[in-house]
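Written below as structure tokens is the structure these notes are about.
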Amino acid sequence: MEIFIATLMLVFSSMTMALPMTLGDITGNPAHLETDTTDELFQLTDTSGVLDDATAFLMFEMAGNADYNSFGIYDAYGSLEIFGGSVDPLSAATLSWDVGTDQVGILGTAASAVIDSTAFGFYIDTKNDGRFFSESALNGGEDYMYSFNVGASGYPDMFGANFVLAFEDLAAYQTDYDYNDMVVGISDISSAIRTTGNPPPPTIPEPMTMAMMGLGLAGMIGMRRNRKNLVAMRK
């Protein structure tokens with residue numbers, strides 16, 4: 001029994017150590033003390049009202065599937081890839097928004113999409129497990145992205161980013177939860193809340209409602225039986 005308990009404690013300890021608590025746990029720099037903000041949606045803050053931009057920096061990838069993972073932006077209606085699987089670390093891409101139409105493109109390319117500048121998320125396309133979204137609800141409740149607000153940090157290794165996004169690239173049943181498989185810095189964004197594009201929540205009867213429905217059904221069944229008995233007696 002003691003050996004069993006000791007083994008459980010060792011497993012629990014290793015699981016706990018595998019979960020990064022600060023940005024420093026991911027980057028390996030203990031000076032990065034920021035913790036996960038739990039933000040899942042973002043908005044553009046560089047807003048002059050006409051044409052605005054945000055820049056993404058692929059900081060590093062520590063993943064066996066790094067050559068297959070791609071990174072992009074999405075909203076309730078569409079998506080746009082920012083970094084393909086073949087892109088090298090320290091690459092940068094600038095997103096240019098037409099705030100009036102929400103048309104966003106990547107400077108120097110023909111790629112573009114309509115993305116809501118006031119409520120968007122980020123995704124990682126993985127080699128074997130499909131697309132993981134920054135919104136855990138779209139992943140069946142699994143959180144595959146940590147977000148870190150470094151806006152006031154002044155860290156030179158953050159390339160001017162004010163948010164750092166750290167992704168996992170393996171499904172929950174096999175992941176190691178180190179969140180260093182794709183780490184991207186983004187400038188000129190802040191946290192946001194989705195106000196449009198959500199599907200309506202399922203209607204689930206409350207316990208009292210379900211009980212009343214049950215009584216109603218029982219009453220209807222009883223009435224049918226009484227009616228049948230009355231007909232039989234008349235015959």
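So between Ser112 and Tyr177, what do we pick up on full extension, going 0.36 nm a residue minus the alpha carbon distance?
20.2 nm
For the stretch 179-191, take each phi angle, set θ = phi - 60°, evaluate the Karplus expression 6.51 cos²θ - 1.76 cosθ + 1.60, and give the result in whole Hz per residue in order, putting x for glycine and proline.
Ordered by residue, 3J(HN,Hα) equals 6, 10, 6, 8, 10, 10, x, 10, 9, 6, 10, 9, 5 Hz.
Amide H to amide H under 5 Å from Asp53: which residues, 5+ apart in sequence or cross-chain, H placed 1.01 Å off N in plane?
Trp97
Taking 8 Å as the Cα distance limit and 6 or more residues as the minimum spacing, I'd like the relative contact order of the stretch 2-191 as a percentage.
Once divided by the residue count of the stretch 2-191, the mean separation gives 27 percent.
Let me make sure I get this right: for the stretch 62-136, a, b and c are the square roots of the gyration tensor eigenvalues over alpha carbons, sorted descending. Under 1.5 in a/c it's rounded, otherwise prolate if a/b > b/c, else oblate. Which is it?
It comes out oblate by the Cα gyration axes.
If you stretched the chain out fully between Thr45 and Gln103, how much longer would it get, using 0.36 nm times the residue separation minus the C-alpha to C-alpha distance?
Working it through step by step, the gained length comes to 19.3 nm.
Amide H neighbours of Glu135 under 5 Å, counting only residues 5+ apart in sequence or on other chains, H built in-plane at 1.01 Å?
When sequence neighbours closer than 5 places are left aside, the close amide H contacts are Phe122.
Read-outs: derived from the displayed coordinates by stated rules, not from any lab. Computed from a prediction, not measured in an experiment: that's the story for all the values here.
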